[in-house]
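The values are calculated or read from the model by the stated rules, or taken from the named source; none is laboratory data. Treat the numbers as computed from the prediction; the structure is a model and nothing was measured. Here the Cβ positions follow ideal geometry from the backbone for every residue, glycine too, while neighbour counts run over all protein chains shown.
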Amino acid sequence: MGQSGTDAHGRPYRFSVQEVDAEGNDFTPPNYIKSDEYTQTVTNTYVIPTNGTATATKNWDGSDANNRPTVWFKLYRRTDMGNLEAVPGAEIKEVQHGIITVTWDSLEETDAYANPYIFSVREVDAAGNDFAPVCTGKLQ
C-alpha cells in the first residue's frame with residue numbers, strides 16, 4: 001500500500017539511491033563519472049577516453065630509395081556517420097628519408113556521444129597544405 005513518511009518516532013525518512021552492479025557492489029560504467037549519488041538522482045557523465053593511438057606508414061613504389069623527399073602526415077578523424085575533420089591539436093608528423101612510420105598517442109577515442117573515431121592521414125607539406133612529392137603520384 002505505500003510507505004509511511006515517518007518512522008515509529010515521527011521522524012521523516014530520508015531516501016537516497018546508490019548505483020550498484022548485479023551483485024550489489026558500487027558501480028560506475030566505464031568512461032563515466034558519477035555524481036549526486038546518495039540523493040534521489042544519480043547522474044553519469046560520459047568522459048571521452050584519451051588512450052587512442054594512430055599509426056601511419058609511408059609506402060614508396062619505385063624511384064631511387066636514396067633520393068626520396070621529406071613528406072608530412074596530417075591526422076584526420078571521423079565517426080561512422082560524421083564528417084572528416086583534422087584532429088584538433090594533432091601534430092603534423094614529418095616523415096624524413098629512412099623513416100616510414102609515425103604514431104600519434106593520447107588521442108580521443110570517441111566523440112562526446114561515445115561513437116568511436118576512425119583515423120586516417122593525408123600527405124601534406126610542413127604547413128599542413130595538401131602535397132604530393134615532385135615526380136610522384138599520390139594515392140590516399
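At a glance:
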{"item": "Failed item in (1) surrounded by 11 or more Cβ atoms within 10 Å (Cβ to Cβ); (2) modelled with pLDDT under 95; (3) out of contact with any Asp or Glu (no Cβ under 8 Å at 6 or more places or on another chain); (4) acidic (Asp, Glu), with residue 91 passing the rest", "result": "(2)"}
{"item": "Verdict on residue 56 being in contact with a strand residue (DSSP E or B) (Cβ under 9 Å, 6 or more places away or on another chain), modelled with pLDDT of 85 or more and in a loop (DSSP other than H, G, I, E, B)", "result": "no"}
{"item": "Any hit, region 60-68, residues being modelled with pLDDT of 95 or more and among the hydrophobic types (A, V, I, L, M, F, W, C)", "result": "no"}
{"item": "Filtered residues of region 91-123 (kept if part of a loop (DSSP other than H, G, I, E, B), under 12 Å from the mean Cα position of the chain (by Cα) and hydrophobic (A, V, I, L, M, F, W, C))", "result": "112, 114"}
{"item": "Options 49, 30; residue that is surrounded by 13 or more Cβ atoms within 10 Å (Cβ to Cβ) and part of a loop (DSSP other than H, G, I, E, B)", "result": "49"}
{"item": "Pairs with Cβ under 8 Å, 6+ apart, first in region 5-24 and hydroxyl-bearing (Ser, Thr, Tyr), second part of a strand (DSSP E or B) and surrounded by 10 or more Cβ atoms within 10 Å (Cβ to Cβ)", "result": "13/6"}
